[in-house]
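The values are calculated or read from the model by the stated rules, or taken from the named source; none is laboratory data. Just so you know, these numbers come straight off a predicted model, no measurement behind them. Methodologically, a virtual Cβ is constructed for each residue, glycine included, from the backbone with ideal geometry; neighbour enumeration extends over all protein chains shown.
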Amino acid sequence: MNSIDRDKHGAMDSLEKFVAHNICIAHGHDLAETTIPLDPDKEVSSYFSPRASLTAAEPCFEINYNSTEELKKVLENIWANEPALKNLAPTLAALACMLENNLDLDEELPSFVYTL
Amino acid sequence: MYTLGLSALYHDSAAAVVKDNSIIAAAQEERFTRKKHDLRLPVNSIEYCLREANVAAEDLDAVIYYENPVLSLDRVVRMGMAVGPPSVKHTASTLSSLLSHKLWIENQLRTLLGRLGREDRLLYAEHHMSHAASAFYPSPFMDAAIVTVDGVGEWATTTIGHGHGTKIELTKEIRFPHSLGLLYSAFTMYCGFKVNSGEYKLMGLAPYGIPKYYNIIKDHLIDIKQDGSFRLEMSYFDYLVTDRMIGEKFERLFGEKAREPEVKITLHQIDVAASIQKVTEEVVLKLARHAKEVTGSKNLTMAGGVALNCVANGKLIREKIFDSVWIQPAAGDAGGALGAALLASYQHLDQPRKLGDKDSQNGSLLGPRFSGNEIQKYLDDNNLYYTQQKDESVLHDIIADELSQGKILGLFCGRMEFGPRALGSRSILGNPRKMDMQSKMNLKIKYRESFRPFAPSVLLEDLKEYFELTQESPYMQFVAPVQEARRKPFDMDAHRNGGKPIIDIVNVMRSDIPAVTHVDYSARIQTVDADRNPRYYKIINAFKEKTGCGLLVNTSFNIRGEPIVCTPQDAVRCFMRTEMDILVLEDIILYKDHQKLSQYYDEGDQEYELD
C-alpha cells in the first residue's frame, strides 16, 4: 500500500467515523424527523409537497466551487439557517477533497443504485 | 447555438448535443463500453456527439449536467440524521460515492474536455427538471401536463408540472424515501430479478398471474391518496439502512423468502408481479388525473424510469384522461442528458421553440451510423463471407422472403437508437405468425427467460387491423390488446390449476400473430411510419406484400446482459454467437451457414453478466 493508498484508506475510515459520530447519531433523529416523514399519515389528504428546492430559482444554474474552501462555502450557504448541518460543512468539504476520485467506478453497480 | 447535456455517475451515463432547437445527437455510454448501465463519465458518448455536431468543446455555448449533487448530499446527510445509528455504513457508503466523484463533476469534466464551452463553466439542472424537459420539449405539444416518476433524483421521486412554449414549471413533488420507482424495484428484487434492469421482466411476468396480493400491498406497504400522492411504510424496506431493498418483515408479509436469481419461477412470484403491477397502474392513473386537474391541459408528457412501464402507459391511453400522451423514449436517466441540453437551449440560451407535424425526437435515431466502406473493411479483415445488394427494393425483397420462411434476421442500419428500445436500426426480426418464434427467439437467440414477450413493429396504417390502440406508438411505449377478432380462446385457469408450469402457457396459440401476443392478449406496440424510419417501413411493407401481414417481431439486437449492439463488430459477434440465420448490415447480407464459426467461439472475448 503506497502513501496515497494509505491516505485514501484513511479518508474512508475518517468518513465512517464522521458519519457515526456526527450524522447518524441518536439525537440527530430529533433534528431531522420534522422534515422527513418516514411513515404514512392517514389524517392528511395529500402527500404532495410544493416544489421548492434550495437552488431552483432558475432552471439552469451554476454552483461555483472548485476547491475545498469554495465547497465549504456552498454547503454553509445552503445550511445557513440550520446550525447542526452548517457545522458539518467544513469536515464534509475536507473529506470530499481527500476522497476525490477515490472510488473505483469500474466495479459493478451497487444493488441500491437507485437510492444513490 | 450548441448545447452539450450530460448524465453520469449514477447509472446510465449519456451525452446529447442540441443545436438551437434541434436534437443533433444523443447516445448512452454503455453502447460504446459494452458495460450495461455504465455510470462512468460518458467519454465516448461526448466524443461521438461533438463529432456528429461538428463542434469542439471550447465552442459549445453551454455545457449542462442533469443533477444537482449538492442537493443530493443534503438528502443523504438529512436521511442519515433521520434514520440514525442503524444507517452508519449505508450513509458512509452513499456519501463516499458523492464526495469522491459526483461533487467533483465540474473538475472531472474540465479535465476531460479542456474547456467547458466558450464561457468555461458548468451549468446544472435538477434531476426531475431534466426529466421534465426531456418529456416536454421534444413532444409535439405547445402545452402539456408533465409527470415525472422515478427512483429518486436529489429529493424528489415524483413531480407534477406544466409546460407551455419554452417554459416548464414543476409545482408539486413527492419526496424520498417514498418512491414508486423504488417500490417497483423492491418487488423486482423480491422476485429474483436485478434492480435497474429486471423491472421489465417483472412487468412481463405480471400477465401470467392473479393480483391476489393487491390488498396486502395497499394495506401494509403503500398509502395512496386520491390525488395519486403516496407514502411507503418504511419499516418493510431496508434501503435506508443496507444495500438490500427489502427486509425480513417484507418477506414475512408475503409468506416466502425472496426468490434467488435464476431459480425456477413459481406461481407465488407470478402473482406478486401481477399485484405490484396493478398497484403501480393505480398510482400512475391517479397521478395523471391529478395532473389533468391541476394543469387543465389536454396533453400529457412523461419521463422518469417508471414511464418505461408501458403496460401502465397503455392503460393511461385507454382511460382517455388526456387527448394525447407523449413519453420520452429514453425515459430513464440517460434521457436526462437530452433533457438538460434542451433546457439549457430553451431557458438559458433563449432559443425559440417550433413545432412540426410530429415530435422532434427524430425517431430517436440519434446515435452513430457506419458507412458501407467501414462495414466491408471489417468483414474483409475478418474473412467473413457476404454479398452486397445495392438495389434497395431487391434487398428488401430478400429480407422479406427469408423472414416469411421463419428465418431470424439481425438488422443493422442507419443511426443507433437513443433509449432502451430497438426500433429497427439495431433489431432482431422474426415472423410474428410462427407459433414457435417466441420460444425460439428467447432461448436460441437472446438466451433469456422463456416467459418474456416480444414486441410487434406494425405499419402505422395497419395498426387498427391488429391492435386496439387509439394513437401512434413510434417508440414502443404503449401496451394494448390484440384485436378481439384475432384472438384464439385458451383456458388460463386450466394451466394454473393443472400442475404444469404456468410458463408453459407461452406455447399455446393465442392469436393469429402468436409470437407477439402475450398471455393476456396484449402486445407492446411499435408503429412504423415512412417519415421517422423509411427503410424499416419499406422492409415491413415488403413482408406485407409477400405474406399479407403488415407487422414483424422486433427485439433488440443483443443477448441477455449485453448492451444493444453499436458497431458492425458488435453486431457480427452477436450474430455469430447465436442461432440467428441472417445478418443485414446496411446493404450487405451475411448468411450464417456461409461462415466459419470457430473464430467467434474460440476468441474468448467479452462475456456478459446475466441481467
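Considering every residue within the stretch B:97-120, establish whether at least one is within 11 Å of chain A (Cβ to nearest Cβ), over 19 Å from A:Asn66 (Cα atoms) and in contact with a Lys or Arg (Cβ under 9 Å, 6 or more places away or on another chain). Looking for residues that are within 11 Å of chain A (Cβ to nearest Cβ), over 19 Å from A:Asn66 (Cα atoms) and in contact with a Lys or Arg (Cβ under 9 Å, 6 or more places away or on another chain), one finds none in the stretch B:97-120, hence no. Every test in (1) outside the structural domain of B:Cys566 (by TED's automatic domain parsing); (2) in contact with a Leu (Cβ under 8 Å, 6 or more places away or on another chain); (3) buried (at least 17 other Cβ atoms within 10 Å of the Cβ) is passed by B:Glu319 save one, and that test is (3). Of the residues B:Ala156, B:Ala125, the single one that is at the interface with chain A (Cβ under 8 Å from one of its Cβ atoms), crowded, with 21+ Cβ neighbours inside 10 Å, touching a residue at least 12 places away in the same chain (Cβ under 8 Å) and within 24 Å of A:Ala93 (Cβ to Cβ) is B:Ala125. Per the listing B:Val83, B:Val63, B:Val77, B:Val55, the residue uniquely touching a strand residue (DSSP E or B) at 6+ places or on another chain (Cβ under 7 Å), among the aliphatic types (A, V, I, L, M) and surrounded by 24 or more Cβ atoms within 10 Å (Cβ to Cβ) is B:Val63.
Give me the residue from the stretch B:191-221 that is without any contact (Cβ under 8 Å) to a residue 60 or more places away in the chain and closer than 16 Å to B:Lys278 by Cα and, out of that set, surrounded by the most Cβ atoms within 10 Å (Cβ to Cβ). Looking at the filtered set, the residue picked out is B:Leu221.
On the given criteria, is B:Lys218 outside any loop (DSSP other than H, G, I, E, B) and facing chain A (nearest Cβ under 8 Å)? Criteria not met by B:Lys218. Restricting to the stretch B:540-554, give me the number of residues that are touching a Gly at 6+ places or on another chain (Cβ under 8 Å) and closer than 24 Å to B:Phe418 by Cβ. Looking only at that region, the number is 4.
When restricted to residues that are in a helix (DSSP H, G or I), within 7 Å of chain A (Cβ to nearest Cβ) and farther than 16 Å from A:Ala20 by Cβ, the stretch B:67-91 contains 4.
Identify all residues within the stretch B:240-256 that are in contact with a His (Cβ under 8 Å, 6 or more places away or on another chain) and touching a residue at least 40 places away in the same chain (Cβ under 8 Å); write none if there are none. Once the filter is applied, which keeps residues that are in contact with a His (Cβ under 8 Å, 6 or more places away or on another chain) and touching a residue at least 40 places away in the same chain (Cβ under 8 Å), the stretch B:240-256 yields B:Leu240, B:Val241, B:Thr242, B:Asp243, B:Phe254. Output yes when any residue across the stretch B:320-343 is over 26 Å from B:Gly151 (Cα atoms) and not in a helix (DSSP H, G or I), and no when none is. Within the stretch B:320-343, one or more residues are over 26 Å from B:Gly151 (Cα atoms) and not in a helix (DSSP H, G or I). Residues in the stretch B:1-44 that are surrounded by fewer than 24 Cβ atoms within 10 Å (Cβ to Cβ), outside any loop (DSSP other than H, G, I, E, B) and out of contact with any strand residue (DSSP E or B) (no Cβ under 6 Å at 6 or more places or on another chain): B:Ser22, B:Ile23, B:Phe32, B:Thr33, B:Val43, B:Asn44. State whether one or more residues within the stretch B:342-361 are farther than 25 Å from B:Tyr124 by Cα and either surrounded by 24 or more Cβ atoms within 10 Å (Cβ to Cβ) or in contact with a strand residue (DSSP E or B) (Cβ under 8 Å, 6 or more places away or on another chain) (or both). For the stretch B:342-361, residues farther than 25 Å from B:Tyr124 by Cα and either surrounded by 24 or more Cβ atoms within 10 Å (Cβ to Cβ) or in contact with a strand residue (DSSP E or B) (Cβ under 8 Å, 6 or more places away or on another chain) (or both): present.
Scanning the stretch B:249-264 turns up no residue that is at pLDDT below 95, more than 24 Å from the chain's Cα centre (by Cα), in a helix (DSSP H, G or I) and more than 14 Å from chain A (Cβ to nearest Cβ).
Scoring B:Ser179 on the criteria (1) among the small types (Gly, Ala, Ser); (2) closer than 24 Å to B:Phe418 by Cβ; (3) at the interface with chain A (Cβ under 10 Å from one of its Cβ atoms) leaves a single failure, condition (2). Of all the criteria given as (1) under 22 Å from the mean Cα position of the chain (by Cα); (2) surrounded by fewer than 23 Cβ atoms within 10 Å (Cβ to Cβ), the one not satisfied by B:Thr517 is (2). Assess whether A:Phe112 counts as being surrounded by 13 or more Cβ atoms within 10 Å (Cβ to Cβ), modelled with pLDDT of 90 or more and either within 26 Å of B:Leu240 (Cα to Cα) or within 7 Å of chain B (Cβ to nearest Cβ) (or both). Judged against the criteria, A:Phe112 is not a match.
Please determine whether any residue of the stretch B:372-380 is under 30 Å from B:Glu47 (Cβ atoms), acidic (Asp, Glu) and in contact (Cβ under 8 Å) with a residue 24 or more places away in the chain. Yes.
Among the conditions (1) touching a residue at least 60 places away in the same chain (Cβ under 8 Å); (2) outside any loop (DSSP other than H, G, I, E, B), the only one that B:Thr188 does not satisfy is (1).
Contact map, the stretch B:285-312: residues that are without any contact (Cβ under 8 Å) to a residue 40 or more places away in the chain paired with residues that are assigned to a helix (DSSP H, G or I) and of a type in the set (S, T, N, Q), Cβ distance under 7 Å, separation 6+ or inter-chain. Pairs shown: B:Ala312/B:Thr280. For B:Gly356, the conditions (1) of a type in the set (Gly, Ala, Ser); (2) outside any loop (DSSP other than H, G, I, E, B); (3) not assigned by TED's automatic domain parsing to the domain that holds B:Ile222 all hold with the exception of (2). Look at the stretch B:1-15: where a residue is at the interface with another protein chain (Cβ under 10 Å from one of its Cβ atoms) and at positive phi, no partner that is surrounded by fewer than 24 Cβ atoms within 10 Å (Cβ to Cβ) and at pLDDT 95 or above sits 6+ places away or on another chain with Cβ atoms under 6 Å. For the stretch B:274-311, taking the residues that are in a strand (DSSP E or B) and not hydroxyl-bearing (Ser, Thr, Tyr), the one that is farthest from B:Leu338 (Cα to Cα) is identified as B:Asn299.
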